[in-house]
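Scroll down for the structure; my scribbles are underneath it.
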Amino acid sequence: MNICIIGTGYVGLPSGVGFAELGHNVVCIDKNKAKIDSLNSGKVTLYEDGLEELFLKNLQDGRIKFSTKMEDGVPQADLVILAVGTPSHPVTKEADLSFIYAAASEVAKHLDGFTVIATKSTVPVGTGDMVEAIISQVKPHDTFEVVSLPEFLREGYAVHDFFHPDRIVVGTDSIKAFALIKELYADHKDSPILHTSRRSSELIKYASNAFLAVKIHYINEIANLCEKVGAKVSEVAQGMGMDSRIGPRFLNAGPGYGGSCFPKDTRALVYLANQHNSKLSLVNNAISGNEERKDMMARRIMSAVKHINQPKVAILGLAFKNGTDDCRESPAVDIVKTLIKYNMPITVYDPKAMECAKELLGSKVFYANSMEEAVTDADVIAVLTEWDDFKALDYEKASMLVRSKIIIDLRNILDKEEAEKHGFDYHCIGMM
Ligand code: UGA
């Protein structure tokens, strides 16, 4: 199948590489020339476990190509996938659909022969109708179908999730378009395909992301309660998760959820609900609770060093979670921004997200080249992202490098016993 993907971000690029690996001919289009030049020269533009290897293989085999021009991919495509960003509108917080609409109208000009246009970007209910209307202005309606094909892959696990999705949701009333998408995923034998209306499919994506955000917010509140009543959140989460109706995933208490999806999608869903005079109190609470949590976490770090004059803070982790170089809406970045306001000297380190963090934090913090450098002379070590590298912290060495032995582990990944054995005053989430 000839596939053209519009957008080479965290959804477009891994999907493009994945479809190429399945044997399809893929052309990825992006307006960003620097990105396209880099991809054409064999340099992958984002970090995803296992992506580079697959990308290089398929680039060399000629199954995936990159261009800035629609005409290089759209006319020959059987399927055009829209995978452009839908960021939060800075004022209203609704999903900003300008990139989707611009892509649709550009695509429309270059369509040739019957083509399915599938939206993988997370878009509010009704966007498919708008995309259809935009394309109809240029092409007769019997030459295309607009399908909702939401993407559920997680950053950091995008390659794994591409090949092993829990489900493939296809929103369309067209039998022809559904057959094409079924063929596209013919090799995904273990993943059920759910055929729905386009509007249901659009809502499934938002409802799923918001549900997971609520689940995280819930366990974070339970963690707060654990601290008050002397329970351990890890044990509580384990016990809850053993109930198959609840499930064990997304019950890790932490500094709050972040990333380019949950924060923006929860806000967009609430906006949509408000537009339709429909109440979403749980999601609303998760949004405000998550914001408060980041402040609470920053205060926790500050209060651990309040007795120290001019305390130095070592931040381990800036990415919004492990496995990615992305720190968009990362709780770690927001926490550091709060600490900056209190004029504390801060040294930060992340194994993958330093570049992204530099764009957001500028020259207000020191950037270390290693975990050891970050903790040198620190009065408090704060762990904000759950990288495996941090789990392997050498307590013996760290205890000799730091100035004061305090650890605030906001991801509950360090070894409390080991830390205490080496004289650290260790604090984590959801337990005393
Ligand atoms: C999320 C969804 O999980 C994907 O299914 C979806 O495709 C994607 O958004 C999207 O809309 O594109 P992602 O943003 O990559 O994926 O990250 P998650 O793994 O869901 O984590 C989101 C945030 O929740 C992170 O900050 C993470 O640290 C936090 N989290 C996650 C917790 O605090 N506790 C948990 O137990 C799980």
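Some notes on this structure:
Yes or no, residue by residue, for (1) in contact (Cβ under 8 Å) with a residue 40 or more places away in the chain; (2) within 14 Å of residue 314 (Cβ to Cβ):
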{"site": "348", "(1), (2)": "no, yes"}
{"site": "371", "(1), (2)": "yes, yes"}
{"site": "377", "(1), (2)": "yes, yes"}
{"site": "391", "(1), (2)": "no, no"}
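- Single residue of region 277-291 satisfying the filter (within 16 Å of the ligand (Cβ to nearest atom) and surrounded by 16 or more Cβ atoms within 10 Å (Cβ to Cβ)) that is nearest to residue 206 (Cα to Cα): 283
- Residues of region 105-140 satisfying the condition of being aliphatic (A, V, I, L, M), surrounded by fewer than 22 Cβ atoms within 10 Å (Cβ to Cβ) and over 13 Å from residue 199 (Cα atoms): 108, 111, 133, 134, 138
- When residues of region 130-161 are limited to those that are touching a residue at least 60 places away in the same chain (Cβ under 8 Å) and among the acidic types (Asp, Glu), the one farthest from the ligand (Cβ to nearest atom): 151
- For first residues located in region 209-222 and touching a residue at least 12 places away in the same chain (Cβ under 8 Å) and on the phi < 0 side of the Ramachandran plot, partners that are near the ligand (Cβ under 7 Å from one of its atoms) and part of a helix (DSSP H, G or I) and lie 6+ apart or on another chain with Cβ distances below 9 Å form the pairs 209/262; 209/265; 210/262; 210/265; 212/262; 213/262; 213/265; 216/262.
- Given (1) small (Gly, Ala, Ser); (2) within 16 Å of the ligand (Cβ to nearest atom); (3) open to solvent by 50 Å² or more (accessible area, probe 1.4 Å), number of the condition residue 98 does not satisfy: (2)
- Residue match in region 224-236 (condition: without any contact (Cβ under 8 Å) to a residue 24 or more places away in the chain, near the ligand (Cβ under 10 Å from one of its atoms) and hydrophobic (A, V, I, L, M, F, W, C)): no
- Tally, over region 167-184, of residues that are more than 16 Å from the ligand (Cβ to nearest atom) and open to solvent by 10 Å² or more (accessible area, probe 1.4 Å): 9
- Region 242-261 residues that are free of Cβ contacts under 8 Å to residues at least 24 places away in the same chain, paired with ones that are of a type outside the set (Gly, Ala, Ser) (beta carbon under 6 Å, 6 or more apart): 246/240
- Candidates are the residues of region 212-223 that are of a type in the set (A, V, I, L, M, F, W, C) and closer than 30 Å to residue 86 by Cα; the one that is farthest from the ligand (Cβ to nearest atom) is 214.
- Residue check: residue 164 meets all listed conditions (1) within 13 Å of the ligand (Cβ to nearest atom); (2) touching a Pro at 6+ places or on another chain (Cβ under 9 Å) but one, namely (2).
- One residue from 377, 394, 388 being out of contact with any strand residue (DSSP E or B) (no Cβ under 7 Å at 6 or more places or on another chain) and within 16 Å of the ligand (Cβ to nearest atom): 388
- The set of residues in region 282-314 that are within 23 Å of residue 262 (Cα to Cα) and hydrophobic (A, V, I, L, M, F, W, C) comprises 282, 283, 286, 287, 296, 297, 298.
- Residues located in region 237-276, provided they are among the β-branched types (Val, Ile, Thr), within 13 Å of the ligand (Cβ to nearest atom) and within 26 Å of residue 297 (Cα to Cα): 266
- Scan region 23-74 for residues that are surrounded by fewer than 16 Cβ atoms within 10 Å (Cβ to Cβ), part of a helix (DSSP H, G or I) and among the basic types (Lys, Arg) and the total you get is 2.
The values are calculated or read from the model by the stated rules, or taken from the named source; none is laboratory data. No experiment lies behind these values; they were computed from the predicted model shown. FYI the Cβ positions are ideal-geometry reconstructions off the backbone, even for glycines, and counts take in every protein chain you see. We work out accessible area using only protein heavy atoms, side chains counted, and drop any ligands, DNA or RNA first. Shrake-Rupley method; radii C 1.70, N 1.55, O 1.52, S 1.80 Å.
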